[in-house]
1. Where residues in segment 58-82 are surrounded by fewer than 18 Cβ atoms within 10 Å (Cβ to Cβ) and more than 16 Å from ligand 2 (Cβ to nearest atom), which of them is nearest to G20 (Cα to Cα)?
2. Applying the selection to segment 37-52, what residues are free of Cβ contacts under 8 Å to residues at least 40 places away in the same chain, within 13 Å of ligand 1 (Cβ to nearest atom) and farther than 14 Å from K10 by Cβ?
3. Quick one: which of I8, I39, I31, I26 is of a type outside the set (F, W, Y) and either surrounded by fewer than 16 Cβ atoms within 10 Å (Cβ to Cβ) or out of contact with any helix residue (DSSP H, G or I) (no Cβ under 9 Å at 6 or more places or on another chain) (or both)?
4. Scan segment 4-13 and tell me whether some residue there is without any contact (Cβ under 8 Å) to a residue 24 or more places away in the chain and over 19 Å from I137 (Cβ atoms).
5. Return yes when V114 is modelled with pLDDT under 95 and either within 12 Å of ligand 1 (Cβ to nearest atom) or among the β-branched types (V, I, T) (or both) and no when it is not.
Amino acid sequence: MIERTLAIIKPDAVSRNLIGTVIQRIEKEEIKIVAMKMIRMTKEQAKGFYYVHKDKPFYESLTDFMSSGPCVVMVLEGENVIERYRKLMGATDYKKAEPGTIRKEFATDIEKNVVHGSDSKESAEFEIKYFFSELEIVGK
Ligand code: UDP
Ligand code: MG
């Protein structure tokens, strides 16, 4: 089934000039980018995006980090893309990520882990709408 997911190149990766590297990994997997822009989230916007984690001990630090510099946000489209992109990213904790995944190769910290990807259809729907209007998503 063709689905969409929300991907973010996080501030650590943007500041380390890894935008092209991440995009190259995505395109190599034959995943289509159907929307893309650079943004700088405010603290409030980061808190809204990560609302599901509001009770976690890392919420404050994570939302400080996500609002610390520009991000690239993208909508990805493809067969089973939610799971495929999660696999390409690797585990949240880069130390536990599979070799060859983006996080294993480039993350420096459990928080500063280079990329974000939606974890379910429901979160993808919420997260895509958080950053993009339907008009900004390019169809075939
Ligand atoms: N995070 C953190 N400490 C943790 C777990 C997560 O700083 O112990 C950060 C990390 O940047 C992660 C984000 O919070 O990507 C969201 O956590 P989640 O469990 O949703 O991981 P993800 O879906 O990004 O793999
Ligand atoms: Mg998550």
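The values are calculated or read from the model by the stated rules, or taken from the named source; none is laboratory data. This structure is a prediction, so every number in the text was calculated from the model and none was measured. Reconstructed Cβ throughout: ideal geometry from the backbone, glycine too, with neighbour counts over all protein chains shown.
1. Per the stated criteria, the residue is P70.
2. Within segment 37-52, K47, Y51 qualify.
3. Step by step, each of I8, I39, I31, I26 is checked, and only I39 is of a type outside the set (F, W, Y) and either surrounded by fewer than 16 Cβ atoms within 10 Å (Cβ to Cβ) or out of contact with any helix residue (DSSP H, G or I) (no Cβ under 9 Å at 6 or more places or on another chain) (or both).
4. no
5. Considered against the rule, which asks whether it is modelled with pLDDT under 95 and either within 12 Å of ligand 1 (Cβ to nearest atom) or among the β-branched types (V, I, T) (or both), V114 comes out as no.
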